[in-house]
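Trainee: Provided herewith is a single structure, encoded as structure tokens, for subsequent inquiry.
The values are calculated or read from the model by the stated rules, or taken from the named source; none is laboratory data. Just so we're clear, the structure is a prediction, and the values are computed from it rather than from any experiment. Virtual Cβ from ideal backbone geometry, glycine too; neighbours counted across all protein chains shown. Ligands, DNA and RNA are stripped out before the accessible areas are found, and what is left, the full protein with its side chains, is counted by its heavy atoms. Shrake-Rupley method; radii C 1.70, N 1.55, O 1.52, S 1.80 Å.
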Amino acid sequence: MASRNLDYLKIEPWHFFSNEKEKTKFNWFAFELACEIDRAVPFATKKYLARKGYTKQRFNKSCINLAMLLQGIVLKKLRGEIPEMEINHTEVEKAFPRLNNKNVNKLLNYTGKAWENLLDICISCPSACISNKDEYCVMFDDESYYSL
């Protein structure tokens, strides 16, 4: 399964775990967030980013990295270290390096929209991936979520 981790043509669940213990609901939330970020960025922006070296694989890897970085912000909120969940330039710049402020701002807006879209779905989802963040997530074992 390790070789699959290197393939970023599509954002896949296995990008979010390296062993059984990491198949948590919190990591599933990160997978869903990465997918939602990918959906939120318009084709025209992706086309522009491709000219800047962000191939489909590199873009997907950056979405994955951004979702994982945002997990840290979620944890800070859960521990009461910050009053509000806030997506800022820092995480976007780390996930998408070498972009100018204009494009970082665009990606920040798209990420905010992705976050809101995902939370709208989470409200009615019985998995409660944030509240039950450390629980095993059976969806990682469902082959229908993977490209075969």
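Trainee: Just checking, which of Glu81, Glu86 is free of Cβ contacts under 8 Å to residues at least 24 places away in the same chain, farther than 24 Å from Val41 by Cα, open to solvent by 50 Å² or more (accessible area, probe 1.4 Å) and in a loop (DSSP other than H, G, I, E, B)?
Mentor: Working: Glu86 fails: farther than 24 Å from Val41 by Cα.
After ruling out the rest, the residue left standing is Glu81.
Trainee: Taking into account only those residues within segment 111-130 that are in a loop (DSSP other than H, G, I, E, B) and of a type in the set (S, T, N, Q), which is surrounded by the most Cβ atoms within 10 Å (Cβ to Cβ)? Don't jump to the end; show me each part of the working.
Mentor: Taking segment 111-130 and keeping what is in a loop (DSSP other than H, G, I, E, B), we get 123-130.
This time we only want the ones that are of a type in the set (S, T, N, Q), so: 124, 127.
Numbers: Ser124: 6, Ser127: 16.
It comes out as Ser127.
Trainee: Thr45 - would you say it is over 22 Å from Ser147 (Cα atoms) and in contact (Cβ under 8 Å) with a residue 60 or more places away in the chain? If you could, list the steps in order and put the result at the bottom.
Mentor: Values: over 22 Å from Ser147 (Cα atoms): yes; in contact (Cβ under 8 Å) with a residue 60 or more places away in the chain: yes.
For Thr45, the condition - over 22 Å from Ser147 (Cα atoms) and in contact (Cβ under 8 Å) with a residue 60 or more places away in the chain - is met.
Trainee: Would you check which residues across segment 51-74 are open to solvent by 50 Å² or more (accessible area, probe 1.4 Å) and in a helix (DSSP H, G or I) and list them? If you could, list the steps in order and put the result at the bottom.
Mentor: If we filter segment 51-74 for residues that are open to solvent by 50 Å² or more (accessible area, probe 1.4 Å), which is where we start, we get 51-52, 55-58, 61, 65, 68-69.
Listed by number, the residues that qualify are Arg51, Lys56, Gln57, Arg58, Lys61, Asn65, Met68, Leu69.
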